[in-house]
Each structure stands twice: as C-alpha cells, then as structure tokens.
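This report concerns only the one structure given below.
Read the figures in this text as sums done on the coordinates, not as results from a lab. If you're wondering where the values come from, they're calculated on a predicted model, not measured in any experiment. Positions of Cβ are backbone-derived with ideal geometry, glycine not excepted, and every protein chain shown enters the neighbour counts.
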Amino acid sequence: MLREDLIFVGTCDIAGHVRGKGFPAVELPSRLRKGIGWTHSNMMQSAFGPIFDTPFGTAGDLMIVPDPAAEVRVDFEDGSPAEHFFLGDIRNTNGSHWECCPRDFLRRGNAALEQASGLRLIATLEHEFVYTGNLDRPGDSYSLSAFRRQGGFGETFVAALRAAGVTPDSFLPEYGPRQFEVTVAPQASLHAADQAVITREMARATAHRLGHRAIFSPMLVADGVGNGMHIHMSLRDAAGVPATHDPSGPFGLTRAALQFAAGVLHHLPAICAVTAPSPISYLRLTPNRWAPTVVDLVQQDRGAAMRVCPVFAAGDADEVQRQFNLEFRVADGAASPYMALGAVLFAGADGIRRCLALPPVDAKATALPRSLGAALKEMEHSEAVQAWFGPVFLDAYLRHKRAELDYTNEFSVSELCHRYAEIY
Ligand code: GLU
Ligand code: MG
C-alpha cells in the first residue's frame, strides 16, 4: 500500500504522557527550526485526556521544537511503520523557552546545580513495569520461567533500546506478578531523562507490536507490588571527574554529595508532588513494599527514600569512584522524567547552596506525605518550589494535579488502580 514516512515530535508533559504532533519526514529540515504548533492549554491535558482546568484558556501559540540529540528511529522490521520521533522543547514563537516547558525545567535544574557547585549530575532512571503478555504464575518472582515465558518481548525490547541509542544494562523478571524491570547506562541528566522517556516508549512500542501492553502505572492492584522509577545519580566535576565518593565521609559521600542529598531530603515532602504525581502513587509509598515511607537516606536499604548504592567487585579505587551512586526511590512512572529529575536537581542544588546537613541519625524520620493532596499542599507552600517553578508554571501544575484529584475523588481504590493501568 502507498506509504509516506511520518515523524512525530513531542514532549513528556505534566501528565507523564508523550504528546505532540506528526509531520511528513521530508519536512524535517524546516521542522527542526520552526517545530510544530502547540498551545498553552495543551500542557493542561490531564492524564485521562480532557482538559479539566486551565489558566490559559484557548489563547496563545507555542511550538515544540525537535532536539536533534533526541531523535529515535527504530524499524521493528515487522512491516509496521518505524518508530520515528523526536523529543523536543516547548518554545514561544520567537524561539525563547516557554516557562512551563518540562524539559527546560530540567535544564534549569542543571543550571542551578552548576551554579551552586560547578558540578554536573550523571543519572539513569530504572523502570519497573508489568508486561501483559505474561500470565501470572505463583512463584514466578525473579524466575527463569517468567523470564522465558515473556517470549520474544525482552529480546525485541532490548534491540529496540539499542537501536534507539540507549545502552541496555539489564532486563529481568521482578517480584510482582508479570512485573519486569529494565536498567540502562547512565548519562548526563538531560540525556538520561530523554532516555527514560525513550525506554518507556520502546517498551510500549514492543508490547504493542506483540498485541500486549507495558504498564508503568505505580500500582496495578491496591495491595500489590508497586512499579517504581528509581533515579540513580552521581556527581561529576567540570572535567568529568567523579565527585560523589569520599571513603572517609559519612555514608562514603563527599561534602557536595552529602549536601546534595540533604537538600533532596529537605525538600522531599514538597517535590513528592512531582516525583510521585498521581493519587495511586501514594498506595505504593506504604510499608512492606520495598518502597519508601519516610524521608531518609540509608546505606544499601531498598526501603529508603534515598539509598547509598553498593559498589560491585571494583578492581581499584577509580572504579569505586565511577560506580558509587545515590538512588532516589520516591518516583514512579506517572511522573515526567524531566519534571522528576528537574525537581531532584533543584532540591539537591539548594542543599549545596545552603550547605544543608542530613537530619541527625537519632532523629525520628519525617513521614512522606500520605496523599497527592497533602504533597501538593507542601509544594504550594514551599518558597523554594515557588522560585524553581515561577508563578505561572506552579499555578498550572497545581491546577493540573488538583483537577486530576477532583476527577478521581469518587473512585474506589480498585477503580483507581484500574483506571491508572489503562493510561500508564
Ligand atoms: N517495586 C519496588 C518499588 O515500588 C522496588 C523493588 C526494588 O527494590 O527493586 O519501588
Ligand atoms: Mg526493582
């Protein structure tokens, strides 16, 4: 049948969905300059689709401009159209960055870190998800049987990642029913967030071609096992030298890394509304789920909000330096990786700027907010968050999320899980 190549350009928005528009591939040179048309209220599309509330009305024009460094072209060689898309920035029509652009929010977080410390963040976002092509079987957690019965999904997914320029690190059956996990190689933070978006989309694209789904919703059943999005981070100086590990420092961390972690913990109740941004995110953040419940940094503990990760069979001190990383565990797949990593960066940078210290070891750890509503209140009242977002973006974000809460308010817990599994 007659066919012409199409390219999609989009961004991962407040709802954590990749949204944008397509154009004929032959138009790429001009689209790289003028992008595709977008409007302010597009950002207010809820996770469920409809715009429930918007400060922008129907007015205004913007453009999503493809970033040549964030192009994906993956041909699955099954006769289906190639996955050809760009991630991009939402700009004003004069080319300047729009104040509510999620990707630019992350860029601004990077700049805050660099300004506070001269350091940069290297990161990788690790995803858990449910692959519907597997039937659940008792005893399947981490099993070879579950690994085998996902059939060709894993191999095609890993090949698609590599073809998309993402270096796969591991693919495994996880603890929950039909749950899998994928990890990829770390990159500079903007690239790491692009790769997180691409990783989710390649999982979905692969599952779609096999007649199934990859579901990244934080919880599929009320009492189940959560899908986390764990953010592994390390600091590098301007010359690229690792700056996270000091064998003589508390937790083995350098002064800068300690202050960065202290900043993240300090702001955690407020940034939770960005990293764990759905009502059901808070079903995951409950006891006995290997997910965090309090504001803490712990050495090698998977129940912590921030975990100091182990170093595996390091041959020498340099390799220890390179491997050493911190893991932020209060995030899930309902979040835009740009927003989640951006918020963590701003918080960490503030910790360095203000020379914050970790909470005393013997102090009782503060509980994480128990609901999205509670987290949004913390966010709204945080002067730091107000400054990072600016008034327009903060108002838009709060309205977006509060409208989602209003919409889902009457749902039972099982209805909530069902509805979120449909959209993520
Ligand atoms: N599934 C857990 C979560 O929701 C994490 C399990 C693990 O440590 O990999 O974060
Ligand atoms: Mg895991």
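Taking Ala214 and the conditions (1) more than 14 Å from ligand 1 (Cβ to nearest atom); (2) among the hydrophobic types (A, V, I, L, M, F, W, C); (3) surrounded by fewer than 22 Cβ atoms within 10 Å (Cβ to Cβ), which numbered condition does it fall short on, given that it satisfies the others?
Result: Ala214 passes all but (3).
Mind checking which residues of the stretch 147-176 are within 14 Å of ligand 2 (Cβ to nearest atom) and crowded, with 17+ Cβ neighbours inside 10 Å?
Phe171, Pro173, Glu174, Gly176
State yes or no: is Val184 within 16 Å of ligand 2 (Cβ to nearest atom) and within 23 Å of Gly342 (Cα to Cα)?
Taking the combined requirement at face value, the residue satisfies it.
Among the residues of the stretch 293-306, are any within 16 Å of ligand 2 (Cβ to nearest atom), over 24 Å from Ala47 (Cα atoms), in a strand (DSSP E or B) and of a type outside the set (Ser, Thr, Tyr)?
For the stretch 293-306, residues within 16 Å of ligand 2 (Cβ to nearest atom), over 24 Å from Ala47 (Cα atoms), in a strand (DSSP E or B) and of a type outside the set (Ser, Thr, Tyr): present.
Is there a residue in the stretch 168-178 that is away from ligand 1 (no atom under 16 Å from the Cβ) and closer than 29 Å to Glu77 by Cα?
Yes, some residue in the stretch 168-178 is away from ligand 1 (no atom under 16 Å from the Cβ) and closer than 29 Å to Glu77 by Cα.
For the stretch 77-91, give me the residue count where each residue is surrounded by fewer than 19 Cβ atoms within 10 Å (Cβ to Cβ) and in contact with a helix residue (DSSP H, G or I) (Cβ under 8 Å, 6 or more places away or on another chain).
Here the count works out to 3.
If I ask for residues that are in contact with a strand residue (DSSP E or B) (Cβ under 8 Å, 6 or more places away or on another chain), in a loop (DSSP other than H, G, I, E, B) and surrounded by fewer than 22 Cβ atoms within 10 Å (Cβ to Cβ), which ones from the stretch 32-58 would you list?
Thr39, Gln45
Taking the residues in the stretch 261-279 that are in a helix (DSSP H, G or I) and small (Gly, Ala, Ser) as candidates, determine which candidate is nearest to Asp406 (Cα to Cα).
This residue is Ala273.
Residue under question is Gly228, and the condition is that it be under 18 Å from the mean Cα position of the chain (by Cα) and within 26 Å of Glu415 (Cα to Cα); does it hold?
Against the criterion (under 18 Å from the mean Cα position of the chain (by Cα) and within 26 Å of Glu415 (Cα to Cα)), Gly228 qualifies.
Considering only residues that are over 27 Å from Arg419 (Cβ atoms) and outside any helix (DSSP H, G or I), look in the stretch 331-355 and name the one that is nearest to ligand 1 (Cβ to nearest atom).
Out of the qualifying residues, it is Arg354.
Within the stretch 250-257, identify whether any single residue is crowded, with 23+ Cβ neighbours inside 10 Å, within 16 Å of ligand 2 (Cβ to nearest atom), within 29 Å of Phe105 (Cβ to Cβ) and in contact (Cβ under 8 Å) with a residue 12 or more places away in the chain, and answer yes or no.
Within the stretch 250-257 (the criterion being crowded, with 23+ Cβ neighbours inside 10 Å, within 16 Å of ligand 2 (Cβ to nearest atom), within 29 Å of Phe105 (Cβ to Cβ) and in contact (Cβ under 8 Å) with a residue 12 or more places away in the chain), the answer is no, since none of the residues qualifies.
Results for (1) closer than 21 Å to Glu99 by Cα; (2) surrounded by 14 or more Cβ atoms within 10 Å (Cβ to Cβ); (3) free of Cβ contacts under 8 Å to residues at least 24 places away in the same chain; (4) within 22 Å of the chain's Cα centre (by Cα), shown as yes or no for each residue.
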| position | (1), (2), (3), (4) |
| --- | --- |
| Arg354 | no, yes, no, no |
| Arg370 | no, no, no, yes |
| Gly373 | no, yes, no, yes |
| Lys377 | no, yes, yes, yes |
| Glu380 | yes, yes, yes, yes |
| Gln386 | yes, yes, yes, yes |
| Leu405 | no, yes, no, yes |
| Ala421 | no, yes, no, yes |
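So Pro29 passes all but one of these: (1) free of Cβ contacts under 8 Å to residues at least 12 places away in the same chain; (2) part of a loop (DSSP other than H, G, I, E, B); (3) not small (Gly, Ala, Ser). Which condition number does it fail?
Status for Pro29: all satisfied but (2).
Return the only residue of Asn134, Asn94 being more than 20 Å from the chain's Cα centre (by Cα), surrounded by 21 or more Cβ atoms within 10 Å (Cβ to Cβ) and outside any strand (DSSP E or B).
Only one candidate passes the filter, namely Asn134.
Looking at (1) crowded, with 17+ Cβ neighbours inside 10 Å; (2) over 29 Å from Glu114 (Cβ atoms); (3) not hydrophobic (A, V, I, L, M, F, W, C), which one does Gln195 not meet, given that it meets all the others?
The number of the failed condition is (2).
Select the helices (runs of 4 or more DSSP H) contained entirely in the stretch 140-254, then report the ones holding at least 2 residues which are among the hydroxyl-bearing types (Ser, Thr, Tyr).
Counting at least 2 such residues, we get 189-209.
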